[in-house]
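Novice: So that we are looking at the same thing, I have put the structure below in structure tokens.
Each reported figure results from applying straightforward, stated rules to the coordinates on display, with no laboratory input. Just so it is clear, the structure is predicted and the values come from calculations on it, not from any experiment. Cβ atoms come from the backbone with ideal geometry, glycine included; neighbour counts cover every protein chain shown.
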Amino acid sequence: MKVATITVNPAIDQTVSADNFEIGKVNRSRAMRFDAGGKGVNVASFLADYGLDVAVTGFLGEENADVFERHFKRKNIEDRFIRVPGETRINIKIMDEASQVTTDLNTPGQIPGEYALSRFYEQVEAMMEACECFVLSGNLQAGLPSTFYADLIRLLKSKKRYTVLDTSGDALVDSLEAGPNLIKPNIYELSALVNKPLSEIEDVYRAAVSLINLETKLVVVSMGANGALVVEKDQAFIARPPSIPVKSTVGAGDAMVAGLVAGIGKKLSLHDCARLATAFSLSAVTRLGRDLPKPTVIEDFKKQVEIVPFK
């Protein structure tokens, strides 16, 4: 199965390691790195490491596209991004390993012009010839309508392509009616969607199952250290990870999406899909960057994931 990921608002992630970080004080960093980022780019990176054939598209600023171009070449990812004038935004992540807290400073993305949007849709239509699954990830930058993903999902489903959605806010609300096949909110995004706190697992389940319909058949709610609640129409269970030291939570949700897609591509059972997705996520929180560890490490993580029936 060939997979395409769509990242309309990518970013270069500048990660600064600073233990015991204090606001308003002079802090010293231990290390700094730059990574090609954006949720769909992260998903593609994990999938490519796992051996899947992956293509990526969206919008990249032509002035600093080289960071992404090197990344895609190294990972053997097919680059279908539309270049636009200017620079891709840079997001700063201050990672405090001592307290296991990451502080994000996200900047706004560029607004693509009409010509770039037209080229983007042409690119997506061309990619539908070879790609069976499309992952739509990340928030929309100001200037794009909140129905942007919904319109894409309808286009993709008209060609019977499998669609995976990982977004939040109005973009998520407006996309529900379009019926993506799989939705992967985190617990905070789901709480905002149903407009109430989800303090009990029963509340999380009720909110998740309310999204299931004839077209959206699978909802996976990531809950951090508590694992993920996996909900279909007739079953629900929790994929519970082992307790492990966390280096960074950056990309953990994207790794889970990648693991789900990889499992679906390999036609694994839903339980094994959840194990694989959780193993991907565990690999992300135990290391820096967007690289999967060796397959033996993934397999070891899978064995440690507990499947707990919910209903």
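Novice: Applying 1/(1 + (r/R0)^6) with R0 = 30 Å to the Cβ-Cβ distance of Asp151 and Asp272, what FRET efficiency is obtained, to the nearest 0.05?
Specialist: Efficiency at R0 = 30 Å is approximately 0.35.
Novice: How much length is gained if the chain between Ile201 and Asn64 is pulled fully straight, taking 0.36 nm per residue apart and subtracting their Cα-Cα distance, in nm to one decimal?
Specialist: Numbers: separation 137, 0.36 × 137 = 49.32 nm, distance 4.37 nm.
Taking Ile201 through Asn64 to full extension adds about 45.0 nm, to one decimal.
Novice: May I pose another question? Between their Cα atoms, which of Lys217/Lys294; Lys160/Lys196; Lys159/Lys266; Lys160/Lys303 are more than 23 Å away from each other?
Specialist: Working: Lys217/Lys294 32 Å; Lys160/Lys196 34 Å; Lys159/Lys266 21 Å; Lys160/Lys303 34 Å.
Where the Cα-Cα span goes over 23 Å, the pairs concerned are Lys217/Lys294; Lys160/Lys196; Lys160/Lys303.
Novice: Okay, moving on. Would you mind checking the radius of gyration and Dmax of region 1-40 based on alpha-carbon positions, in Å?
Specialist: Both quantities, over Cα of region 1-40: 15.5, 50 Å.
Novice: Need one number: the % of Cα-Cα pairs in region 150-206 sitting beyond the 18 Å mark. Numbers along the way, then the final one.
Specialist: Details: 590 of 1596 pairs.
So the pairs more than 18 Å apart make up 37 percent of the total in region 150-206.
Novice: If you don't mind, another one. Restricting attention to region 5-74, which trypsin sites (Lys or Arg not before Pro) occupy a DSSP loop and are surrounded by at most 14 other Cβ atoms within 10 Å?
Specialist: Loop-located and lightly packed - Lys25, Arg28, Arg30.
Novice: Counting other beta carbons within 10 Å of each Cβ, put Asp35, Asp66 in order, fewest first.
Specialist: The fewest-first ordering by Cβ neighbours comes to Asp66, Asp35.
Novice: Under 13 Å from a point placed 7 Å out from the Cα of Glu87 along the Cα-to-Cβ direction: which residues of region 53-76 have their backbone N that close?
Specialist: Inside the label zone: 61-67.
Novice: Take each complete run of DSSP H in the chain, measure how far its Cα atoms stretch along the helix's own axis, and keep only those covering 30 Å or more with mean Kyte-Doolittle hydropathy at least -1.0; list them. Numbers along the way, then the final one.
Specialist: On the way: long enough: none.
Long hydrophobic helices here: none detected.
Novice: Taking the Cβ of each residue in Ser45, Ser146 as the centre, tally the other Cβ atoms inside 10 Å and list the residues starting with the fewest.
Specialist: By the 10 Å Cβ count, ascending, the order reads Ser146, Ser45.
Novice: Antiparallel DSSP bridges in the chain: what percent, to the nearest 5?
Specialist: So the antiparallel bridges in the chain amount to around 45 percent.
Novice: In addition: Express in % the proportion of alpha carbon pairs of region 171-242 at distances exceeding 16 Å.
Specialist: 42 percent
Novice: On to the next question. Under 5 Å between amide hydrogens, which residues at least 5 positions from Gly109 or on another chain qualify, with H placed 1.01 Å from N in the peptide plane?
Specialist: Counting only residues 5 or more places away or on other chains, the set is Ala142.
Novice: Once the Cα atoms of region 1-83 are picked out, what are the Rg and Dmax in Å?
Specialist: 15.2, 50
Novice: List the residues of region 226-255 whose backbone N lies under 19 Å from a point placed 7 Å from the Cα of Gln100 along the Cα-to-Cβ direction.
Specialist: Under cut-off, by backbone N: 226-229, 239-255.
Novice: Report, in deg cm²/dmol and to the nearest 500, the calculated mean residue ellipticity at 222 nm for the chain, where each DSSP H run with n ≥ 4 adds -39500 (n - 2.57) and the sum is divided by the residue count.
Specialist: Using -39500 (n - 2.57) per qualifying helix, the result is -11000 deg cm²/dmol.
Novice: Also, quick follow-up: Taking other Cβ within 10 Å of each residue's Cβ, how do Phe280, Phe148 sort, fewest first?
Specialist: With the fewest neighbours first, Phe280, Phe148 line up as Phe148, Phe280.
Novice: Another one. Can you give me the relative contact order of the chain as a percent, contacts being Cα pairs under 8 Å and 6 or more apart?
Specialist: 16 percent
Novice: Report, as a whole number in µm² per second, the diffusion coefficient that Stokes-Einstein gives for region 138-179 at 20 °C and 1.002 mPa s using the Kirkwood radius over alpha carbon pairs.
Specialist: Rounded, D is 207 µm²/s.
Novice: Expressed in nm to one decimal, what extension gain is obtained for the pair Lys217 and Asp19 from 0.36 nm per residue of sequence separation less their Cα-Cα distance?
Specialist: My answer for the length gained is 67.0 nm.
Novice: Could you tell me which of rounded, prolate or oblate describes region 186-299, using a ≥ b ≥ c as the square roots of the eigenvalues of the alpha-carbon gyration tensor, with rounded for a/c under 1.5 and, failing that, prolate when a/b is larger than b/c and oblate otherwise?
Specialist: Note, shape of region 186-299 comes out oblate.
Novice: Nearest 0.05, what FRET efficiency do Asp53 and Asp79 give at R0 = 22 Å with Cβ-Cβ as r?
Specialist: My answer for the efficiency is 0.95.
Novice: As an exercise, identify the GluC sites (Glu not before Pro) in region 1-87 lying in DSSP coil whose Cβ has no more than 10 other Cβ atoms within 10 Å.
Specialist: Filter output for region 1-87: Glu22.
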